[in-house]
Structures are given as structure tokens and as C-alpha cells.
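Report on the structure given below.
Only the coordinates and a few stated rules stand behind these numbers; no lab work does. Quantities reported herein were computed from a predicted structural model and do not represent experimental measurements. Positions of Cβ are backbone-derived with ideal geometry, glycine not excepted, and every protein chain shown enters the neighbour counts.
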Amino acid sequence: MAVKYQNKCPHCGYRLSIRHSHIENTLLKILYGQCQNLECGWTGRGVLEWVYQISPSAQPNPDINLPFTPLSEKKLVPA
Ligand SMILES: [Zn+2]
């Protein structure tokens, strides 16, 4: 099965590997990425953060209180 790279280097657009990550809290993950293009060599730090909910969980965590997506942003979710 082929590996699909979903992350791309912001500079050259080549594949970006997540080399390390750690969880700051339930809603925030810190990522460290490295471009796989040897002629570029970029590395960077990024975040994955949950900021809205679209539909509520059937098993909600009482510690999580995310706002619902504003109506204007619902149009961005693919059907
Ligand atoms: Zn690059």
C-alpha cells in the first residue's frame, strides 16, 4: 500500500514528514516537520488544534467545551 503524503513543504511543495509530535492538551498537538526534498531541507514547527465542533459527540468529554462552527464556515465542509 502506497503512503500518501498529506503534508507539503510550504517552500518547495515537496513531501513533508512529521518527524516528531507531542500533545500539549486534548485539543492541541505540536508537530515538527521536515521537508523530504534534499535540495530544500526545510524543517519547521506547527500545530494541530481543534477549534470548533460541527456535530456533537455521542460520548462527550465534560472537559471539552468547543463552540459550534459558525454558519458561514459550514459551507467549507465537503458533503
Ligand atoms: Zn521543501
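Of the listed peptides 56-65, 6-15, what is their order by residue-averaged count of other C-beta atoms within 10 Å, with the highest listed first?
Put in order of decreasing packing, that is 6-15, 56-65.
Show me, for the stretch 35-48, the HN-Hα J-couplings you get by feeding each phi into the Karplus relation (A = 6.51, B = -1.76, C = 1.60, θ = phi - 60°), rounded to Hz, glycine and proline as x.
Per-residue couplings from phi come out as 5, 8, 7, 4, 7, 9, x, 5, 10, x, 10, x, 9, 10 Hz.
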